[in-house]
Every structure is written in structure tokens, then in C-alpha cells.
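The values are calculated or read from the model by the stated rules, or taken from the named source; none is laboratory data. These numbers were taken from a predicted model, which means no experiment stands behind them. Please note: Cβ atoms are built from the backbone with ideal geometry, for glycine as well, and neighbour counts cover all protein chains shown. What goes into the accessible areas is simple: the full protein's heavy atoms, side chains included, and nothing from ligands, DNA or RNA. Shrake-Rupley method; radii C 1.70, N 1.55, O 1.52, S 1.80 Å.
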Amino acid sequence: EGPLSRIRSLEISGNSAWTTADLMSRIRLAPGKPYSPALAEQDRQSLLSAYNDRGYLWAQVAVQVGSPDEAQTYPVEFRIQEGIQSVVERILVLGNERTRSSVIENKIRLRENEPLSLGKMLQTQQALYGLGVFDQVRVAQRNADAAVPFQDVVIRLQESKRFTVRYGLGYQERERVRGTLEFTHVNLLGLARRAQIRIRGSSIEQQALL
């Protein structure tokens with residue numbers, strides 16, 4: 001197995017939006033704990049995610065690892081370049097023709113004049129998909145390549161077909177010929193609610209379900 005590598009010292013530099021204590025609480029490396037490049041990279045990603053969720057979309061986090069001593073312990077430093085913070089200026093929803101605005105707004109996790117959080121953008125996209133009435137949902141800032149303090153967030157929607165019809169025809173020894181007809185409305189009254197009528201019939205049994 002060889003010797004176990006550990007952390008000799010751990011520092012975070014370049015941070016002002018977050019306190020060092022806050023950032024330390026988000027990572028797993030600490031003095032005396034095991035060290036590996038993979039663990040350091042996981043913590044680097046955790047720090048970067050924390051900044052992205054606070055609107056620092058252009059933040060950079062680098063890991064500097066010093067040489068080990070005889071006890072195989074390493075000095076580790078996370079160097080942060082925060083960049084500027086982006087705030088949501090407007091939220092624009094495009095593509096909804098039948099779904100009520102109130103239904104969509106209830107699923108939007110972002111708010112105007114709050115930090116542009118990449119995590120909340122993803123949560124918004126997942127929540128809108130979860131309604132079951134959109135074939136495609138895209139949530140992104142309007143100027144993704146521009147490091148500016150105010151950003152418009154654009155939500156592009158592609159609504160699913162409102163109506164689906166399914167039918168079937170079969171044969172069974174007892175019922176002989178039997179058929180089914182199913183009619184579904186996936187966005188009733190624009191409320192993202194589903195209504196379905198299913199009719200099943202044969203020579204000896206008829207059934208309708210709403």
C-alpha cells in the first residue's frame with residue numbers, strides 16, 4: 001500500500017464574497033486528513049459551485065499543492081479569483097402559448113435583483129420539465145459570454161401536444177373481439193393538469209373510465 005498521504009496545511013486565498021470559514025465548511029480536505037489529487041479536485045469543484053450559485057459566473061479556483069515532507073504530508077492552497085457578481089435583471093419566458101403564466105412562475109426558482117445562481121437555473125429547468133407539458137425547456141442567461149453585473153434570464157419553452165389518442169384491438173377466447181380507445185388531454189385549461197377518458201368494449205363487457 002505504501003505510506004498514507006495527508007494534509008499538512010490548508011489555505012484559501014483571494015476570497016472576499018465568502019468568509020474563509022464558510023468555504024472551509026464546504027470542502028472535505030483539512031489538516032491531518034488524507035490527501036489525493038482526486039479529493040483536491042472534488043473540493044475545487046465544490047468551491048467553484050458555491051461561487052456560481054452566488055452569481056460569480058466567471059470565478060476561477062485553482063489548487064496549488066506543495067512538495068511532501070518525509071512524513072508524506074502536503075501543503076495545499078486553493079487560490080480564488082472571484083470576478084464580478086451577476087444579478088438577475090429580468091426573467092423572460094418565451095414559447096408558452098397555452099400554459100398559464102402563474103403555473104410557470106410558480107416553478108421559477110430565480111428572482112429579479114437576486115444573484116444569478118446556476119444551481120437555481122438548473123432547478124428551474126427540472127421543475128418546468130416536471131410539469132409534464134413541455135417537450136423542451138432551456139434556461140440560460142441572455143449574454144452567456146459577457147461578464148456583466150446584470151443579466152437577463154431567458155426561459156425558452158416548447159409545449160407538448162395537448163391531445164393524444166391511443167387505440168387497440170384484440171381477441172380473447174371469452175370476450176371474442178375487444179377494443180380500447182384512450183383520449184388524453186395533458187394540459188387541461190393551461191393548468192398542467194391531465195384528464196383522460198378510456199373506453200373498453202367487447203361483446204360481453206363495456207367499460208368507461210374518466
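Please list, or write none, the aspartates and glutamates whose alpha carbon is within less than 20 Å of the alpha carbon of residue 33, excluding same-chain residues fewer than 8 places away.
Qualifying aspartates and glutamates at Cα under 20 Å: 1, 11, 22, 41, 43, 69, 70, 77.
Short version: ³J(HN,Hα) in whole Hz for each residue of region 27-39, in order, from phi by Karplus 6.51 cos²θ - 1.76 cosθ + 1.60 (θ = phi - 60°), x for Gly and Pro, what are they?
10, 9, 5, 6, x, x, 8, x, 10, 7, x, 5, 5
From the phi angles alone, apply the Karplus equation (6.51, -1.76, 1.60; θ = phi - 60°) to region 90-100 and give each ³J(HN,Hα) in whole Hz, x where the residue is Gly or Pro.
9, 10, 10, 10, 10, x, 7, 9, 10, 6, 5
Below 9 angstrom from the Cβ of residue 188, what's the summed charge of the other residues (Lys, Arg +1; Asp, Glu -1)?
Value of the local net charge: +3.
Restricting to DSSP H runs of at least four residues, report the calculated mean residue ellipticity at 222 nm for the chain, -39500 (n - 2.57) per run over all residues, nearest 500 deg cm²/dmol.
On the way: 4 runs with 40 residues, N = 210.
Mean residue ellipticity at 222 nm (helix-derived): -5500 deg cm²/dmol.
Name the residues whose placed amide hydrogens come within less than 5 Å of the amide hydrogen of residue 73, ignoring near sequence neighbours (fewer than 5 apart) on the same chain.
For residue 73, the qualifying residues are 6.
Counting only residues 5 or more places away or on other chains, whose amide H sits under 5 Å from the amide H of residue 12 once H atoms are built in the peptide plane?
Sorted by chain and number, the residues that satisfy this are 78.
Order the following by accessible area, largest value first: 51, 74. Probe radius 1.4 Å; ligands, DNA and RNA are ignored. Don't jump to the answer; show the numbers that get you there.
On the way: 51 0, 74 40 Å².
Ranked list, largest accessible area first: 74, 51.
Would you mind checking which residues have amide H under 5 Å from residue 86's amide H? H placed 1.01 Å from N; only 5 or more apart, or other chain.
For residue 86, the qualifying residues are 56, 57, 116.
Round to the nearest 10 and report in Å² the accessible area of residue 33, as given by a 1.4 Å probe over the protein chains' heavy atoms.
100
Modelled label-to-label distance, residue 148 and residue 109, 7 Å Cα→beta-carbon offset: nm?
So the label points at residue 148 and residue 109 sit 2.5 nm apart.
Just to be sure I follow the definition: excluding the sites themselves, where is the longest run in the chain that has none of the GluC sites (Glu not before Pro) in a DSSP loop with at most 16 other Cβ atoms within 10 Å?
In the chain, the maximal stretch lacking such sites is 2-69.
Let me check I've understood the local charge: for residue 32, count other residues with C-beta under 10 angstrom from its C-beta, Lys and Arg +1, Asp and Glu -1. What total comes out? It would help to have the intermediate numbers written out before the result.
Values: positive: 6, 8, 33; negative: none.
Result for the neighbourhood of residue 32: +3.
Would you work out if region 100-210 is rounded, prolate or oblate? Take a ≥ b ≥ c from the square roots of the eigenvalues of the alpha-carbon gyration tensor; rounded if a/c is under 1.5, else prolate when a/b is larger than b/c, oblate otherwise. It would help to have the intermediate numbers written out before the result.
Numbers: a/c = 4.90, a/b = 3.69, b/c = 1.33.
It is prolate, given that a/c is not under 1.5 and a/b is the larger ratio.
Which sequence of 203, 86 reflects their accessible areas, 1.4 Å probe, from the largest down? Spell out each step's value before the answer.
Numbers: 203 80, 86 0 Å².
Descending accessible area places them as 203, 86.
So what J values fall out for region 148-164 if you push phi through Karplus, 6.51 cos²θ - 1.76 cosθ + 1.60 with θ = phi - 60°, rounded to Hz, Gly and Pro as x?
Running phi through 6.51 cos²θ - 1.76 cosθ + 1.60 with θ = phi - 60° gives 10, x, 10, 10, 7, 9, 10, 10, 9, 10, 10, 6, 6, 5, 6, 10, 10 Hz.
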